[in-house]
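Worksheet for the structure shown next.
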Amino acid sequence: MTYDSINEGYCYQSALKRIKRARDLGAITLDLSGYGELTIIPKQLCSLTALKELNLGGNYNLKKVRKELAQLTNLQVLNLWNCGLNSFPKIILQLPNLRKLRLSSNRLGKLPKEIAQLSSLRELDLSNSNLRELPEEVGQLYNLRQLLLENNTLTSLPSSLGRIRTLWRLTLDGNPLQDPPPHIVEEGIEAILR
């Protein structure tokens, strides 16, 4: 078995072995994506405080993010796509260096107003996440460059998005948007953010 292979359907015990190996090597990246069988983030993972990138995507039975994840204060990239999450894990708000957050293909419904605490965030992927609305506070993510929102149920966008001068990619396909109207959306990001 190799420790750097991904998407091979490892069970919980194999995940623990990979975590131990990452700790022994002083790894800054750990990929536990595609296990599927992982229902909980192993507590041992939260002791890897040097981690800068963590991929737990594809663990569709995860459903919950443990509070000890806040110990990973050096984390810059967190992938939690298709993890069966039914709400935004507020513990993520305690990761001050997070630059890229991927929460696509979950059933989040909405974002917390405290999302603005993620002031270092540059990429936010919320596609296919059953989002019904975005809080005005999303406009306080002043370093945000990419916001992926396709295939949700958004009918409007907060006007505060126009304050994000660094935003160069905004995806909205598959949303029943009424505000801004479809003809403005078709004109592109500059028209949307005016």
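Label sites at Asn86 and Ser120, each approximated as a point 7 angstrom past Cα along Cα to Cβ, lie 3.2 nm apart. Put a dot 7 Å past the Cα of Glu137, heading toward its Cβ, do the same for Arg163, and the two dots end up 1.3 nm apart. Annotation: extensible slack from Ile40 through Thr155 equals 38.0 nm (criterion: 0.36 nm per residue apart, minus Cα-Cα distance). Taking 0.36 nm per residue of separation and subtracting the Cα-Cα distance, full extension of the segment from Lys67 to Lys110 would add 13.5 nm. Model label sites at Thr29 and Asp179, defined 7 Å from Cα along the beta-carbon direction, differ in position by 4.3 nm. Using every pair of distinct Cα positions in the chain, the Kirkwood expression returns a hydrodynamic radius of 17.3 angstrom. Ordered by 1.4 Å accessible area with all protein chains kept, Asp24, Asp31 run largest first as Asp24, Asp31.
The order of Tyr12, Tyr35 by accessible area, most exposed first and with a 1.4 Å probe, is Tyr12, Tyr35. Among the lysines of the chain, pairs that are 8 or more positions apart or on different chains and have alpha carbons within less than 12 Å of each other number 7. For segment 91-183, count all C-alpha to C-alpha pairs, find those more than 15 Å apart, and express that count as a whole percent of the total. Result for the distance tail: 57 percent. log₁₀ I(q)/I(0) of segment 41-111 at q = 0.17, 0.28 Å⁻¹, via Debye over equal Cα point scatterers, no solvent, to two decimals? So the normalised log intensities are -0.55, -1.48. With respect to the chain, whose longest principal axis is taken over its alpha-carbon atoms, helix 12-25 is tilted by about 90°.
The values are calculated or read from the model by the stated rules, or taken from the named source; none is laboratory data. All values derive from a computational prediction rather than experimental measurement. Don't worry about glycine lacking a Cβ; one is built from the backbone with ideal geometry, like all the others, and counts go over all protein chains shown. Side chains included, ligands, DNA and RNA excluded: accessible areas come from the protein's heavy atoms. Shrake-Rupley method; radii C 1.70, N 1.55, O 1.52, S 1.80 Å.
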